[in-house]
Number of protein chains: 2
Amino acid sequence: MKILKSITRPTLLLNEDIAKKNIHRMAAKAHAQGKIFRPHFKTHQSAEIGEWYREAGVTAITNSSIEMAQYFANHGWNDITIAFPVNIRQIDEINNLAQSIQLGLLVDSEESVQYLIQHITHPVRVWIEVDTGMHRSGIPCEDYQKFEHLIHLLQQQPDALKLTGLLTHAGHTYQLHGTEQVVKTYTQSVADILALRSRMESATGVQLKVSVGDTPGCSLADDLGKVDEIRPGNFIFYDAQMLSVGACQADQMAVVAACPVVAKYPERNEIVVYGGAVHLSKDTLMDGERRIFGLVSLLQDDGWSLPLPGAYVRGLSQEHGILHITSPHIDSVEIGSLIGVVPAHVCLSIAALREFTTLQGKIIPTLMKTS
Amino acid sequence: MKILKSITRPTLLLNEDIAKKNIHRMAAKAHAQGKIFRPHFKTHQSAEIGEWYREAGVTAITNSSIEMAQYFANHGWNDITIAFPVNIRQIDEINNLAQSIQLGLLVDSEESVQYLIQHITHPVRVWIEVDTGMHRSGIPCEDYQKFEHLIHLLQQQPDALKLTGLLTHAGHTYQLHGTEQVVKTYTQSVADILALRSRMESATGVQLKVSVGDTPGCSLADDLGKVDEIRPGNFIFYDAQMLSVGACQADQMAVVAACPVVAKYPERNEIVVYGGAVHLSKDTLMDGERRIFGLVSLLQDDGWSLPLPGAYVRGLSQEHGILHITSPHIDSVEIGSLIGVVPAHVCLSIAALREFTTLQGKIIPTLMKTS
């Protein structure tokens, strides 16, 4: 890559071809099964990359904050679900957005619904969030009374709050390993939310859509199930965690951070790079019993190598990355050269570095670069 | 606090009085013992907060990147050590900086020294980094041959590369608990680097200064030892990790993140806040056997409460913070209210949120906000 010569600081390299293939593969899978494909844009947070999805037929997207939705609305997206429990302190921004786009919100409490009933000035779609096992947010799947109560409350406000359906994120698949485990968890999560839908439709007479969508499940399940919509995000780039789960192949990872090598310690099989927690974030994955912060690749003319066997990011300080690399690979690493770090969690590395550099040297900014 | 009403997103609250007291306490300690106080500015990364140090007599500072040094040089600081192994890919920026300020660089390899010999165009100070047990960067303390070799190399370039001394960061104190452990480790680290200095001064005839400075050691050791300079950084704000180490008292922590409460799950003793890994970073500390992401405080008229006993940040996703809080405290937490999160590692939360809001409502930007 010609661009490597000009890189002096930690830089997120993006292989545009791989990313576009990842988009088209997931879009084709969703469309072949008749699902709405509403990809999560929190992974890339970039208007320019958003256009790649339009080319794959995407018209509806998922975001995780009001700020992100404002940004993508400003870039021509007019059907956005904010897949995060509604933050009622931002009611003014919500009302502003709802005025100009079809906005979807998540609720999982009477308090939030009551607040919206009193304060929403423009119609929004409302999804009730279901906890199918991740235990982050959402009403536990078996808490029928609570679902029924919220549905009844929302039924009384058909103009302002358009009850749309049930939504879950089965993010507990991120901790699994292998197709069998992931597909089993995805399938169970889908079965649970579909059973809940049947029960609630019978009890209330309201028709409910079902939205699901974690990257491991959507990548590995051949049959997405009788859901209406999927919302994966990470799949566009994948990362070390997704590789560990088995959600992708190593050559489907579309982003590495090019980091300058600043020190070398062959006696302890380690090098130190300029590339720390403020560049990569400090997320981790388990590599057997070992907690690691990413994988290591060699940069090449046409991109980067597959992750080096046995090599990993052992630690991250604010600016230091400490990489474990054994012989023979460490022998060829020179101080002043660049090496590739495969992020543990690419979404957070992007949020930290705030822009991409394609293999052709083009800079693609994200929302965070412009705010 | 009047300002709370206007807060709708994760916001770093700064208690200016506590921070200024922390600065003055450390400055007084250093000056009383005749040490150069060269505080690390990577913690706050703010020109305005930098001025508070000037009021405490500080004229020399530490940074961790060229970009940070450029920023502080632009704000009138003319004596800066970059306490990170020199990144020779940034030689042009280094030469530019060295033209306008007294710049100190770190080296720990012949490769870097040879590169500097060939490419430095303006005089810089050079510190040899010593690994006194953290095993991040630096030459192992006992590798006398390597030190002697580098000193001889540098002696031959007295005009461009001004060999200044030996520098270490005993960051392994961050993993300890209690004054006794920390002081023992600090004292050992100081003893080791002082012994190395004696040996090298005898062997080479060169006079060498000694620079040390981790926040736990500098906070807890009554006697800083026969070093010339200390470089702590975190002490201005402290954080959950420093509290866990015992490096500070709970009422000496100067920063919490105010986060909107978006969901509440009393049955599992948890609430969810808008405040995730992109706001707080994803650093952790061990609370006994449990890995946690921060502590929890209640916001009050005059700031915030001491951390709630038994409450902690259980997990962080990209935008979600999952807080464990038991009765009676969880009973009073309302959806739509704000709660305080004490960051695990405040330096990284600041890098993520990029600005402070004082209790009086003043916004103080950091370098990252302006770049």
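The values are calculated or read from the model by the stated rules, or taken from the named source; none is laboratory data. Just so it is clear, the structure is predicted and the values come from calculations on it, not from any experiment. Here the Cβ positions follow ideal geometry from the backbone for every residue, glycine too, while neighbour counts run over all protein chains shown.
Key figures
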| quantity | calculated |
| --- | --- |
| Which listed residue is within 24 Å of residue A:210 (Cβ to Cβ), more than 14 Å from every other protein chain (Cβ to nearest Cβ) and modelled with pLDDT of 95 or more, from A:79, A:143 | A:79 |
| Qualifying positions in region A:339-365 - surrounded by fewer than 22 Cβ atoms within 10 Å (Cβ to Cβ) and within 11 Å of another protein chain (Cβ to nearest Cβ) | A:354 |
| Neighbours by Cβ (under 6 Å, 6+ apart or cross-chain): first from region A:342-371, among the polar types (S, T, N, Q); second part of a loop (DSSP other than H, G, I, E, B) | A:349/A:281; A:366/A:45; A:366/A:46; A:366/A:354 |
| Leading residue by the ranking (surrounded by the fewest Cβ atoms within 10 Å (Cβ to Cβ)) among those in region A:324-338 that are among the aliphatic types (A, V, I, L, M) and under 21 Å from residue B:82 (Cβ atoms) | A:335 |
| Residue count for region A:125-135, restricted to those that are crowded, with 21+ Cβ neighbours inside 10 Å and at the interface with chain B (Cβ under 9 Å from one of its Cβ atoms) | 2 |
| Unmet criterion (only one of (1) touching a Phe, Trp or Tyr at 6+ places or on another chain (Cβ under 7 Å); (2) without any contact (Cβ under 8 Å) to a residue 60 or more places away in the chain; (3) within 22 Å of residue A:190 (Cβ to Cβ); (4) within 12 Å of another protein chain (Cβ to nearest Cβ)) for residue A:58 | (4) |
| Selected residue [within 14 Å of another protein chain (Cβ to nearest Cβ), touching an Asp or Glu at 6+ places or on another chain (Cβ under 9 Å) and of a type in the set (A, V, I, L, M, F, W, C)] from A:37, A:84, A:41 | A:84 |
| Residues located in region A:83-124, provided they are surrounded by fewer than 19 Cβ atoms within 10 Å (Cβ to Cβ) and within 25 Å of residue A:194 (Cβ to Cβ) | A:102, A:110 |
| Residue within region B:307-315 that is buried (at least 24 other Cβ atoms within 10 Å of the Cβ), within 14 Å of chain A (Cβ to nearest Cβ) and modelled with pLDDT of 95 or more present | yes |
| Test: residue in region A:171-191 that is assigned to a loop (DSSP other than H, G, I, E, B), out of contact with any Cys (no Cβ under 6 Å at 6 or more places or on another chain) and free of Cβ contacts under 8 Å to residues at least 60 places away in the same chain | no |
| Qualifying positions in region B:146-170 - at pLDDT 95 or above, in contact with an Asp or Glu (Cβ under 9 Å, 6 or more places away or on another chain) and either more than 30 Å from residue B:122 (Cβ to Cβ) or assigned to a strand (DSSP E or B) (or both) | B:165, B:166, B:167, B:168 |
| Inter-residue pairs, beta-carbon under 6 Å, first among the acidic types (Asp, Glu) and in region B:135-155, second in a helix (DSSP H, G or I), 6+ apart | B:148/B:203 |
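Conditions tested, residue by residue: (1) under 23 Å from the mean Cα position of the chain (by Cα); (2) within 14 Å of chain A (Cβ to nearest Cβ).
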site	(1), (2)
B:233	yes, yes
B:242	yes, no
B:262	no, yes
B:273	no, yes
B:293	yes, yes
